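The values are calculated or read from the model by the stated rules, or taken from the named source; none is laboratory data. Quantities reported herein were computed from a predicted structural model and do not represent experimental measurements. Neighbour counts are summed over all protein chains in view; Cβ atoms, including those assigned to glycine, are modelled from backbone coordinates with ideal geometry. Side chains are part of the model used for accessible areas, which takes the heavy atoms of the whole protein and leaves out ligands, DNA and RNA. Shrake-Rupley method; radii C 1.70, N 1.55, O 1.52, S 1.80 Å.
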Amino acid sequence: MEILTYPNQQLKQNCEPVEQFDESLRQFVSELEAFMRSQPGGIGIAAPQVGQMQRICIVDLTGMTRGKKKKPVPNQGRLILINPEITEWEGFELGREGCMSVPDYTGNVIRATQIAFSATDEWGERHEYESEGFEARAIQHEVDHLEGLLFLDRLVSRRTDLFQRKQR
Amino acid sequence: MKEEEVTMGSARKQWYMVSLVGKDQSGIVARVTEVLYQAGGVLGESSMMRLGCNFSIMMMVEIAGGGEQLRQSIAPVTTELGLHLHVDAIEPGLHQHQVPELRVVVHGADRPGIVAQVTGVLAEAGFDIMDLDSQVGGSSLEPIYILLIEGVANSGVETIHQALEPLSASVEFRVEEIDTLIG
Ligand SMILES: [Zn+2]
């Protein structure tokens with residue numbers, strides 16, 4: 001597997017929903033997960049980032065820490081999200097994002113603080129989830145990829161002063 | 001040196017920092033970048049700021065022909081717009097952005113020395129400033145000073161916070177981590 005990088009136009013295209021929950025899907029998911037974990041950061045990836053135009057993404061913030069004190073980031077572990085649909089957005093927060101598909105650039109993006117979403121796992125079972133904070137940001141970033149959106153499409157000015165206006 | 005190397009040398013492109021300062025008016029960036037483009041210049045990174053009522057811009061420009069030729073090709077436009085022009089040869093250093101880890105926000109009643117004190121403390125605490133933006137707000141009778149700094153530090157939030165503590169009698173400050181999601 002290889003990361004496609006912008007301006008590759010595949011990153012700007014809509015992905016197809018997954019319809020067959022078979023062995024070849026599980027094989028792809030496990031390869032995608034292994035590939036994600038081999039990348040620096042390695043907390044999230046979307047199938048179109050490796051040129052597979054399907055609604056599949058993976059997020060796992062287990063082991064991620066913030067700051068010099070290595071505080072863990074609240075998360076619910078490994079999330080295999082197939083045909084994900086975000087259904088609720090609450091609050092907004094400005095945060096800095098980068099992307100494996102956009103090397104050497106980071107910028108400020110506004111995301112919902114809390115989300116509710118549903119997704120199917122690699123065995124074909126649908127689940128309902130809620131998430132907040134950094135994990136919710138990661139999910140929104142990855143789901144965007146499935147719709148041909150990059151964080152570049154949501155950039156706001158570096159002088160925006162929303163930083164402390166976290167809604168609870 | 002062989003002759004073709006000499007020829008290649010004179011045609012070789014070089015990076016320059018072009019700085020312009022003057023009274024703000026509409027259309028400056030469009031006029032200047034057009035003349036740079038016509039002269040065969042390639043823009044790298046740039047930053048334009050309006051400070052008070054003043055226009056300022058710094059642009060990385062890659063061009064063949066040398067700094068003096070670059071200056072002469074922009075000078076007619078900058079003279080017409082009343083802008084001071086400054087050209088320096090530079091190393092490009094593109095594609096090696098650092099990601100800021102800490103943000104320091106300082107504000108308070110405006111008084112001389114705020115920036116010197118804050119940045120002095122930060123430098124001593126090993127904080128490397130990557131981005132600094134300061135503005136004077138409030139009214140002309142009661143001006144307030146707002147300073148936004150981003151950068152990297154070997155020490156964490158607490159160390160930077162403690163270092164700034166002695167200034168807390170005269171300014172409000174906040175130090176926070178910048179978490180960057182790479183997804
Ligand atoms: Zn991404």
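Would you mind telling me which numbered condition in (1) more than 9 Å from every other protein chain (Cβ to nearest Cβ); (2) touching a helix residue (DSSP H, G or I) at 6+ places or on another chain (Cβ under 7 Å); (3) surrounded by 14 or more Cβ atoms within 10 Å (Cβ to Cβ) A:G51 fails?
(3)
Residue check, A:V29 against (1) among the β-branched types (V, I, T); (2) part of a loop (DSSP other than H, G, I, E, B); (3) buried (at least 16 other Cβ atoms within 10 Å of the Cβ), all met but one. Which one?
(2)
What are the pairs, 6+ residues apart or on separate chains, where a residue within region B:157-183 that is over 18 Å from A:E93 (Cβ atoms) and in the same structural domain as B:V121 (by TED's automatic domain parsing) has its Cβ under 7 Å from a residue that is open to solvent by 70 Å² or more (accessible area, probe 1.4 Å) and among the polar types (S, T, N, Q)?
As it stands, the answer is B:L167/B:Q117, since those pairs meet every condition given.
What's the total number of residues in region A:54-97 that are of a type in the set (A, V, I, L, M) and within 15 Å of the ligand (Cβ to nearest atom)? Walk me through how you get there before you give the answer.
Looking only at region A:54-97, we keep the residues that are of a type in the set (A, V, I, L, M), and these are A:56, A:58-59, A:61, A:64, A:73, A:79-82, A:86, A:94.
Narrowing the set further to residues that are within 15 Å of the ligand (Cβ to nearest atom) leaves A:56, A:58-59, A:61, A:81.
The qualifying residues number 5.
Test of understanding: among A:D153, A:D104, which residue is within 16 Å of the ligand (Cβ to nearest atom), more than 9 Å from every other protein chain (Cβ to nearest Cβ), without any contact (Cβ under 8 Å) to a residue 12 or more places away in the chain and open to solvent by 20 Å² or more (accessible area, probe 1.4 Å)?
Numbers: A:D104 fails: more than 9 Å from every other protein chain (Cβ to nearest Cβ).
Testing whether each residue is within 16 Å of the ligand (Cβ to nearest atom), more than 9 Å from every other protein chain (Cβ to nearest Cβ), without any contact (Cβ under 8 Å) to a residue 12 or more places away in the chain and open to solvent by 20 Å² or more (accessible area, probe 1.4 Å) leaves just A:D153.
Among the residues of region A:1-59, count how many are in contact with a strand residue (DSSP E or B) (Cβ under 7 Å, 6 or more places away or on another chain) and among the hydroxyl-bearing types (S, T, Y).
2
Would you check if B:V106 is closer than 16 Å to B:Q135 by Cα and open to solvent by less than 40 Å² (accessible area, probe 1.4 Å)? I'd like the intermediate steps shown before the answer.
On the way: closer than 16 Å to B:Q135 by Cα: yes; open to solvent by less than 40 Å² (accessible area, probe 1.4 Å): yes.
Answer is yes for this residue.
Name the single residue, out of those in region B:164-183 being over 27 Å from A:D60 (Cα atoms) and open to solvent by 30 Å² or more (accessible area, probe 1.4 Å), that is nearest to the ligand (Cβ to nearest atom). Full working, then the answer.
To start, the set of residues in region B:164-183 that are over 27 Å from A:D60 (Cα atoms) comprises B:164-175.
Now restrict to residues that are open to solvent by 30 Å² or more (accessible area, probe 1.4 Å): B:165-166, B:168-170, B:172-174.
Details: B:E165: 39, B:P166: 42, B:S168: 40, B:A169: 45, B:S170: 43, B:E172: 36, B:F173: 33, B:R174: 29 Å.
Out of the qualifying residues, it is B:R174.
Can you list the strands (runs of 3 or more DSSP E) found entirely within region B:79-157 that contain at least 3 residues being within 13 Å of another protein chain (Cβ to nearest Cβ)?
In region B:79-157, the matching strands (runs of 3 or more DSSP E) lie at B:102-109, B:127-138, B:143-153.
What number of residues within region B:29-48 satisfy the criterion of being open to solvent by 50 Å² or more (accessible area, probe 1.4 Å) and of a type outside the set (F, W, Y)?
Taking region B:29-48 as the starting set, the residues that turn out to be open to solvent by 50 Å² or more (accessible area, probe 1.4 Å) are B:29-31, B:34, B:37-38, B:42-43, B:45-46, B:48.
From the residues that got through so far, the ones that are of a type outside the set (F, W, Y) too are B:29-31, B:34, B:38, B:42-43, B:45-46, B:48.
Within region B:29-48, residues that are open to solvent by 50 Å² or more (accessible area, probe 1.4 Å) and of a type outside the set (F, W, Y) number 10.
Which count do you get for residues in region A:112-134 that are under 24 Å from A:I3 (Cα atoms) and either within 15 Å of the ligand (Cβ to nearest atom) or in contact with a Ser or Thr (Cβ under 7 Å, 6 or more places away or on another chain) (or both)?
1
Determine whether region A:70-89 contains at least one residue that is within 12 Å of chain B (Cβ to nearest Cβ), in contact with a Gly (Cβ under 8 Å, 6 or more places away or on another chain) and not β-branched (V, I, T). Before the answer, list the steps.
From region A:70-89, those within 12 Å of chain B (Cβ to nearest Cβ) are A:70-71, A:73; that's our starting set.
Within this subset, residues satisfying the condition of being in contact with a Gly (Cβ under 8 Å, 6 or more places away or on another chain) are A:73.
Those left that are additionally not β-branched (V, I, T): none.
There is no residue in region A:70-89 that is within 12 Å of chain B (Cβ to nearest Cβ), in contact with a Gly (Cβ under 8 Å, 6 or more places away or on another chain) and not β-branched (V, I, T).
Given the options A:I86, A:I58, name the one that is in contact with a helix residue (DSSP H, G or I) (Cβ under 8 Å, 6 or more places away or on another chain), of a type in the set (A, V, I, L, M) and touching a residue at least 60 places away in the same chain (Cβ under 8 Å).
On the way: A:I86 fails: touching a residue at least 60 places away in the same chain (Cβ under 8 Å).
Answer to the selection: A:I58.
Tell me which residues, restricted to region A:59-101, are touching a Lys or Arg at 6+ places or on another chain (Cβ under 9 Å) and either basic (K, R) or open to solvent by less than 30 Å² (accessible area, probe 1.4 Å) (or both).
Residues satisfying the conditions are A:V59, A:D60, A:V73, A:L81, A:I82, A:N83, A:P84, A:G91, A:L94, A:G95, A:E97.
So which residues in region A:9-26 are open to solvent by 50 Å² or more (accessible area, probe 1.4 Å) and within 16 Å of the ligand (Cβ to nearest atom)? Reasoning before the result, please.
Within region A:9-26, the first condition is being open to solvent by 50 Å² or more (accessible area, probe 1.4 Å), and the residues that meet it are A:9-10, A:12-14, A:16-17, A:19-24.
Hits for region A:9-26 are A:Q9, A:Q10, A:K12, A:Q13, A:N14.
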